[in-house]
1. Quick one: if you stick a label point 7 Å off each Cα along the C-beta vector at A212 and D456, how many nm between them?
2. Using +1 at the Cβ of each Lys and Arg and -1 at the Cβ of each Asp and Glu in region 304-412, identify which of G310, W344, Y375 lies farthest towards the dipole's positive end.
3. Expressed as a whole number of Å, what is the distance separating the alpha-carbon centroids of region 285-326 and region 389-468?
4. To make sure I understand the rule: partners must be aspartates and glutamates, Cα under 16 Å from the Cα of K275, and not fewer than 8 residues away in the same chain. Which ones qualify?
5. By its C-alpha gyration tensor, with a ≥ b ≥ c as the square roots of the eigenvalues, how is region 356-468 shaped: rounded for a/c under 1.5, else prolate for a/b larger than b/c, else oblate?
6. Taking the Cα-to-Cβ direction at K52 and at E353 and moving 7 Å from each Cα, how far apart do the two end points lie in nm?
7. Once R0 is set to 51 Å, what does the formula 1/(1 + (r/R0)^6) return for the Cβ-Cβ distance between R219 and T40, expressed as a FRET efficiency to the nearest 0.05?
8. Can you give me the distance in nm between label points at D388 and A104, each placed 7 Å from the Cα along the Cα-to-Cβ direction?
Amino acid sequence: MTNRRRATALSRLLLASAVGACLTTACGVLPGGSGGSGGTLTVMTFAPMGTKATNMPGMPGMAKAYERWVNANGGIHGHKLRVLTCNEKNTPTGAADCARQAIAEKAIAVVGSYSQHGRAFMAPLEAEGIPFIGGYGVSSEEFQSPLSYPVNGGQPALLAGAGHQLGKACAQVSLVRPDTLAGDSMPVLLNAGLRANKMPDASDIRAAEDSADLTPQAREALADGSAGGPAKDTKEAPKGGSKDGTAKDAGAGAGAGAGAGAGAGAKDSAPKEGKPCVTAVLGERTETFFDAFRRLDTQHRDPQIASVLGSVSQALVDRTGGKESPFEGSFVTSWYPVSTDPLWAPMRKVITEQAFGDDTVDPDDSGAQTTWIAYTVLNEVVQRFKKDEDVTARKLAHALNESQGVKTAGLTPDLSWRYQDMRAVAGFPRLVNGRVSFQIVRAGRIVDQPGEPAQDMTSTLEQAPRSA
């Protein structure tokens with residue numbers, strides 16, 4: 001599953017055991033620099049901030065709120081928590097710099113972080129035996145390195161889920177994605193879901209990651225949609241779905257299984273009769289693409305428009321009009337339950353108490369949610385260890401490798417990264433949670449899609465060609 005060098009690196013991790021800490025009713029556990037009872041535990045969370053491409057400030061923000069919460073409740077079994085944050089800058093150099101800072105500060109884990117540049121940050125972390133827990137899942141290394149412990153299916157699961165949802169709802173699909181190394185795997189993953197529903201492969205439309213003008217891509221996607229079938233009259237399929245703001249059928253506004261379909265609600269119950277779909281997976285540039293696309297759609301074809309979780313969010317729906325948003329009636333595929341689910345109540349409480357002055361921390365944000373789950377995993381694992389052992393990165397990695405049934409309070413299936421839990425997904429052997437949930441925008445809120453339960457996309461990914 002991994003090559004010999006990675007297997008050797010994994011075997012070296014099985015040399016020690018890790019220190020434990022407890023999670024009380026209102027407290028979380030975070031490891032960090034080594035030390036026995038009473039020492040300070042250091043971890044790092046990094047993400048891009050203030051860049052021209054995708055930014056994830058809510059991830060470091062959530063980590064710092066978590067730190068304050070833990071320490072306000074007595075620390076971690078007598079340990080004070082120290083959370084380092086770092087701006088990854090959306091560059092390989094920035095990612096490597098963050099990893100080196102974690103090493104210099106003797107962090108025992110990097111937790112709940114975001115970077116497309118897996119090669120840049122994983123190599124230094126591997127050299128020091130520092131585990132990477134609960135990354136966002138946008139780099140292939142997160143699903144390959146023996147020191148990575150993903151909590152969701154990352155981009156692979158979302159894109160496969162996108163193909164699954166669109167394959168049930170559309171006549172043909174166009175994919176608009178970044179012209180980057182991470183973007184290169186997107187067509188393969190999306191097509192895996194489409195093929196499972198006997199759909200042809202999507203058209204692949206590339207865009208510069210930091211482009212401010214996506215009109216050429218919008219024009220190409222619209223042309224593809226025109227070729228896919230006859231346009232519907234806007235009276236028959238009004239933008240956003242039905243008059244009351246709800247989609248009439250499970251196929252209306254089909255997002256890419258991962259995303260939102262701007263102006264996607266359709267009244268008919270047989271969208272495969274020629275309805276084209278356009279999927280944009282461009283991070284913060286997704287809204288820019290949708291704006292250009294709508295301006296060019298002068299004939300009101302209103303194709304299904306989609307994007308993945310993280311590119312489309314509740315904040316985007318709110319910002320673009322809520323109930324009047326062009327995303328009304330669209331579909332969203334997520335890794336997690338909808339943000340209004342009671343399972344998120346503990347996280348919301350921490351944000352209210354510890355991040356009330358930080359507007360970067362949004363409980364509806366997938367980055368903040370992933371960071372919360374990553375720290376929950378860490379808490380669950382360290383609870384299993386003896387009280388007075390020193391905490392080191394290698395001991396923690398060993399503990400993660402041996403742990404089974406790690407619980408996240410229902411936000412994910414129980415997680416385990418033992419060798420026997422690895423799956424036969426080409427290029428993504430560390431993927432242990434392929435579950436996605438299908439959602440829809442109704443009355444300005446992202447809610448569960450009726451009749452579409454959560455689904456594990458692992459078997460679909462196992463059938464996909466190697467994409468990384």
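Values in this text are rule-based calculations from the coordinates and carry no lab data. Only a predicted model underlies this, so the values are computations on that prediction, with no experimental measurement involved. Virtual Cβ from ideal backbone geometry, glycine too; neighbours counted across all protein chains shown.
1. 4.8 nm
2. Going by the Cα projections, it comes out as Y375.
3. Comparing the Cα centres of region 389-468 and region 285-326, I get a distance of 28 Å.
4. D201, D224, D233, E236, D249, D297, D302
5. Note, shape of region 356-468 comes out oblate.
6. Inter-label distance under the simple model: 4.3 nm.
7. It comes out at approximately 0.35.
8. 3.6 nm
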